[in-house]
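Worksheet: the structure to be examined is printed underneath.
Read the figures in this text as sums done on the coordinates, not as results from a lab. All of these numbers come straight from a predicted model, not from anything done at the bench. Using ideal geometry, Cβ is built from the backbone for each residue, glycine included, and neighbour counts are taken over all protein chains shown.
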Amino acid sequence: MIPLTKYIEYKKGTLPILLISAHGGYMIPDEIPDRKNGNLCPDLKTIEFSLDLYNQANEIWGGVPHLLICNLSRSKIDLNRSKYIGTECKETQEIWDKWFNYIEEIIGNIKRDYGYGIIFDIHGHGDLANKIWLGYGLNKIKLDTNQFNENSIQNLIKLGNHNSKDILIEKRSLGYIINKLYNKDMCLPNFENKIGSQRYLSGGLIIKKYGCNGLFDAIQIEIPNSLRTDPKKRIEFIKIFLESILLFLSQNLHINIFHPT
Ligand SMILES: [Zn+2]
């Protein structure tokens, strides 16, 4: 890892994919005051998840993603929220600015070098139902009423001339592919789980800021506890997750980003 600041680290990739880990940091320096408002709860083991994903990627993808990590605890800063909610002092406001500048620099380079790129924003939740939630910037009402316009993977949909619903929640979706390869009802949203009290994820600032305006593509992934904390299960799942992303992007994009010609 290359330290970009005291708290932010980066690993350069060889593919037009950016992995982000904003909520898994362990550092709680005394010189930065604790936040008093908002969600202070860390997404435990998401840095480990992201590093394992990076380390396993080459074997399945034939290359590695770019990786951006915040090591500062969420009790000090939230880098997936607005500056107003995510920071409460001058020092973290500066870190917040730098973080988003780095993201913009990386996606600018990816767009310049490849023409297409996508963010996978890695998070974790503690919900006992143990499902993976995928966020495309669409809330429950929009998903339930087929209002897909402002989703966070508009470039992929446009490039492949796809039907949005197919790509977001039906047979061509990442959720569908993970369910098929891993466990048949692991992922929300997908075509089978759109009823009743099932949880939906819209997503946070990163995917909305870069995905929903069509600038870049971005998907938020919320991994349940069981697939983060147990190292053996984590690796098992990561291999299938990498396979699922490979299938999702190669089946839906009409360019091969894994083996460019
Ligand atoms: Zn999170």
Looking only at segment 170-187, decide whether some residue is in a loop (DSSP other than H, G, I, E, B) and either in contact with a Leu (Cβ under 7 Å, 6 or more places away or on another chain) or closer than 18 Å to K208 by Cα (or both).
no
One residue is enough: does segment 221-241 have a residue meeting the conditions out of contact with any strand residue (DSSP E or B) (no Cβ under 9 Å at 6 or more places or on another chain), closer than 23 Å to L159 by Cα, in contact (Cβ under 8 Å) with a residue 60 or more places away in the chain and surrounded by fewer than 19 Cβ atoms within 10 Å (Cβ to Cβ)?
no
Residues of segment 9-59 satisfying the condition of being closer than 21 Å to I118 by Cβ, in contact with a Lys or Arg (Cβ under 7 Å, 6 or more places away or on another chain) and either of a type in the set (S, T, N, Q) or in contact (Cβ under 8 Å) with a residue 60 or more places away in the chain (or both)
H23, G24, T46, F49, D52, Q56
Those residues of segment 29-44 that are over 24 Å from the mean Cα position of the chain (by Cα) and either of a type in the set (A, V, I, L, M) or within 12 Å of the ligand (Cβ to nearest atom) (or both) come to a total of 1
Got at least one residue in segment 93-101 being without any contact (Cβ under 8 Å) to a residue 12 or more places away in the chain and touching a helix residue (DSSP H, G or I) at 6+ places or on another chain (Cβ under 8 Å)?
yes
In segment 2-28, which residues are within 22 Å of D78 (Cβ to Cβ), aliphatic (A, V, I, L, M) and more than 19 Å from the chain's Cα centre (by Cα)?
L4, M27, I28
Single residue of D121, D127, D113, D144 found to be surrounded by fewer than 19 Cβ atoms within 10 Å (Cβ to Cβ) and closer than 30 Å to S73 by Cβ
D127
Go through segment 62-96 and report how many residues are of a type in the set (A, V, I, L, M, F, W, C) and within 17 Å of the chain's Cα centre (by Cα).
6
By my count, strands (runs of 3 or more DSSP E) wholly in segment 46-141 with at least 1 residues that are more than 16 Å from the ligand (Cβ to nearest atom) are 66-70, 118-125
Please go through segment 155-168 and pick out each residue that is in contact (Cβ under 8 Å) with a residue 24 or more places away in the chain, over 14 Å from G203 (Cβ atoms) and buried (at least 19 other Cβ atoms within 10 Å of the Cβ).
N155, L156, I167
